[in-house]
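Notes for the one structure printed next.
The values are calculated or read from the model by the stated rules, or taken from the named source; none is laboratory data. Note that the coordinates shown come from a computational prediction; the quantities given were computed from them, not determined experimentally. Here the Cβ positions follow ideal geometry from the backbone for every residue, glycine too, while neighbour counts run over all protein chains shown.
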Amino acid sequence: MVATKKLVMQYPPGTGLVLALFPQGFQVIPLYVLATVIVFGFALLAVFYARSRSSILLTGPLACLAIYLMINPAKASYSIAPTMVVCVLAAISPPGCSLPSGGSTVCSWRGSSVS
C-alpha cells in the first residue's frame, strides 16, 4: 500500500471468502480440514460409484493420491486447498448437463433426464 508504505498479502477472491467463514486468528486449520474432508468425501463417492473391480482398483489409489496431495503439498499456500475443491467439483460435474425450460436436467453423457 502506497499510503502506509507497507506490503499487504491479498488472497484471491474465493480464498478470501472461504477464510472469512472462520473466526479471525483461527482460519487456516479449519480451511484445510474442511477442504480435506470435502475431497475425501468425493474420493469415497468415486470409489462407491466404481462399477467393476478394475475401476475400483484404479479409483482407490487415485483417491489416496488426492488425499495425500491435500495433506502435504496443498499446505504451501492458502489458496491451493479451496482451488483443489473447485477442481474436484469441476471433475465430477457432467460435461453435457443443461437445464432446459421444462425444469428437468438433461445430461447428454448418459442420455437420461433427471427431475
(message) When the residues of segment 76-101 are narrowed to those that are touching a helix residue (DSSP H, G or I) at 6+ places or on another chain (Cβ under 7 Å) and either farther than 19 Å from L17 by Cα or part of a helix (DSSP H, G or I) (or both), which ends up modelled with the lowest pLDDT?
(response) I92
(request) Only residues that are outside any helix (DSSP H, G or I) and under 14 Å from V86 (Cβ atoms): list them for segment 12-59, please. (result) P12
(message) Which of the numbered conditions does V106 fail, given that it passes all the others? Conditions: (1) modelled with pLDDT of 80 or more; (2) surrounded by 14 or more Cβ atoms within 10 Å (Cβ to Cβ).
(response) (1)
(request) State all residues of segment 10-33 that are within 23 Å of S93 (Cβ to Cβ), touching a residue at least 24 places away in the same chain (Cβ under 8 Å) and of a type in the set (A, V, I, L, M, F, W, C); if no residue qualifies, say none. (result) V18, L31
(request) Select from segment 13-44 the residues that are over 14 Å from S79 (Cα atoms), loosely packed, with under 14 Cβ neighbours inside 10 Å and hydrophobic (A, V, I, L, M, F, W, C) and list them in ascending order. (result) L21, F26, V37, L44
